[in-house]
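Asks: One structure follows; several queries about it will come next.
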Amino acid sequence: MTGDTTLVDKIVLLRTVEALVFQVSLYLLGDENEAEAAAKEALLTLYSCPKFSLAKDEDRMNIAKRSAISAAVSRSACRRKQA
């Protein structure tokens, strides 16, 4: 497998959870801009997570949800510190 193929494979996997990650982030944060930022953070984390790439579909969805929750909680905590 070449580096390009690996990149393409990861992008395909990330696209399968992109909407879920955004929905979870939006539900937790209640703000589209914050949810978008949290979703980006979560997707970047997933990109570098070997477990995500190797997991079966159901496990991959659970890993994505946990990543979205973590990113949203982190953003929420940062917002509270700034307030």
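The values are calculated or read from the model by the stated rules, or taken from the named source; none is laboratory data. Given the structure is predicted, the values throughout are model-derived calculations rather than measurements. Neighbour counts are summed over all protein chains in view; Cβ atoms, including those assigned to glycine, are modelled from backbone coordinates with ideal geometry. Keep in mind that these areas ignore ligands, DNA and RNA; they rest on the heavy atoms of the full protein, side chains included. Shrake-Rupley method; radii C 1.70, N 1.55, O 1.52, S 1.80 Å.
Asks: Any idea which residue in the range 72-83 is surrounded by the most Cβ atoms within 10 Å (Cβ to Cβ), counting only those that are over 10 Å from the mean Cα position of the chain (by Cα) and touching a residue at least 12 places away in the same chain (Cβ under 8 Å)?
Replies: Here the residue is ARG75.
Asks: Now, a different point. Working only within the range 1-30, note down all residues that are modelled with pLDDT of 95 or more, surrounded by 14 or more Cβ atoms within 10 Å (Cβ to Cβ) and of a type in the set (D, E, K, R).
Replies: GLU18
Asks: Residue by residue through the range 32-71, note down the ones that are outside any helix (DSSP H, G or I) and either closer than 12 Å to LEU14 by Cβ or open to solvent by less than 30 Å² (accessible area, probe 1.4 Å) (or both).
Replies: SER48, CYS49, ALA55 - these are the residues of the range 32-71 that are outside any helix (DSSP H, G or I) and either closer than 12 Å to LEU14 by Cβ or open to solvent by less than 30 Å² (accessible area, probe 1.4 Å) (or both).
Asks: Please state which of the following conditions SER76 fails to meet, knowing it meets all the rest: (1) among the hydroxyl-bearing types (Ser, Thr, Tyr); (2) over 24 Å from VAL12 (Cα atoms); (3) at pLDDT 95 or above.
Replies: (3)
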